[in-house]
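Each remark here refers to the structure printed beneath this line.
The values are calculated or read from the model by the stated rules, or taken from the named source; none is laboratory data. Please read these numbers as outputs of a predicted model, since none were measured by experiment. Methodologically, a virtual Cβ is constructed for each residue, glycine included, from the backbone with ideal geometry; neighbour enumeration extends over all protein chains shown. SASA here: full protein model, heavy atoms, side chains in, ligands and nucleic acids out. Shrake-Rupley method; radii C 1.70, N 1.55, O 1.52, S 1.80 Å.
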Amino acid sequence: MQTKRKKGFFHEIRHNGSAYLLVIPAAIYTLIFGYFTLPYMLIAFQKFNFKTGLFNSKWIGLDNFEFFFKSPRAWEVTFNTLKLNFLFIVVGTIVAMALAILFNELRSKLFSRITQSTILFPHFLSWVIVSYVIYSLFSTDYGVINKIIGWFGLDAINWYSSPQYWTSILVSAAVWKDVGMNLVIYLAAITGIDDTYYEAGRIDGASRWQLIRRITIPLMMPTIIILSLLALGKIMYGSFDMIYAIIKDNGVLYPAVDVIDTYVFRSLRTIGNPAQAMAVGLYQSVVGFILVWGSNRIVRKINPDHALF
């Protein structure tokens, strides 16, 4: 029997050159911003000086971390970051999963395609554009919401001076903008389910709701868990572009929506010390890693097949 020759690296490149060509931009971006910048984590422990450079700046230990942890608002912005991101993950997952199941049950393929495209469209809008949409809804004098409230004889609400409403507003905006992409992923997961499971369920007399509850949702769980674990890795990173585009420098709303990223940005803009910003970024990364590792460990103990690694 003739043994197959092991194909080498250049053979692989020659036969799949177009695929590797598409990977090059992403690989270059990852190398530059993901790996070449890793040594700069050292500045979190330095009194960084642009003139002396990375390896000649003075070492000051954990002093840069004091800038954040001794701030009276450190725990407030940490809580806001965790609260908002947790709600983004939970509400976004539930809505995307429900819509994916709903679209899978639709019989009109044309209606399904048009509606999916409509839901996916906001994902491609920038948060700057979305911020103007939100302002048109919640503006005190000309906002659509206050106009509707006025029709019922109620007083207009000054939304941009009322922090208690903005957690719900931001969660709704994030779900509206990003649910379309998760919907596509969950629909793909449902499409990959073998039809014989549903045929066996129908033969046993299962209703459509029972098919969803007993087949669709359990077989979607691996995808849901993996996406949730990946999202947990960024739970300490507030959506800076969203918060800053919508809230800007409105200090009245800070108690409810100010996150670590916006707080550090304002501090960096005022103080101009990149070492302190790096210290907070390192803190976010370490906590994110611990959350992903811990959550994955729990999932692995419950069901090893659903674990990310």
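Of all residues in region 141-155, those that are among the β-branched types (Val, Ile, Thr), over 18 Å from Ser172 (Cα atoms) and either open to solvent by 50 Å² or more (accessible area, probe 1.4 Å) or touching a Leu at 6+ places or on another chain (Cβ under 7 Å) (or both) total 1.
Listed by position, the helices (runs of 4 or more DSSP H) contained in region 242-309 that have at least 1 residues being touching a strand residue (DSSP E or B) at 6+ places or on another chain (Cβ under 9 Å) and open to solvent by less than 70 Å² (accessible area, probe 1.4 Å) are 274-302.
Scanning region 97-149 for residues that are closer than 24 Å to Ser161 by Cα, among the aliphatic types (A, V, I, L, M) and in contact (Cβ under 8 Å) with a residue 12 or more places away in the chain yields Val128, Val130, Ile134, Ile145. Looking only at region 65-103, residues that are surrounded by 15 or more Cβ atoms within 10 Å (Cβ to Cβ), more than 23 Å from the chain's Cα centre (by Cα) and at pLDDT below 85 come to 2 in all.
Restricting attention to region 9-40, which residues are of a type in the set (A, V, I, L, M), closer than 25 Å to Gly281 by Cα and surrounded by fewer than 10 Cβ atoms within 10 Å (Cβ to Cβ)? Ala26, Leu38, listed by residue number. A count restricted to region 168-198 and to residues that are over 19 Å from Thr115 (Cα atoms) and in a helix (DSSP H, G or I) stands at 8. You will find that of Ser136, Ser117, Ser126, the residue that is modelled with pLDDT under 90 and over 18 Å from Asp249 (Cα atoms) is Ser117 and no other.
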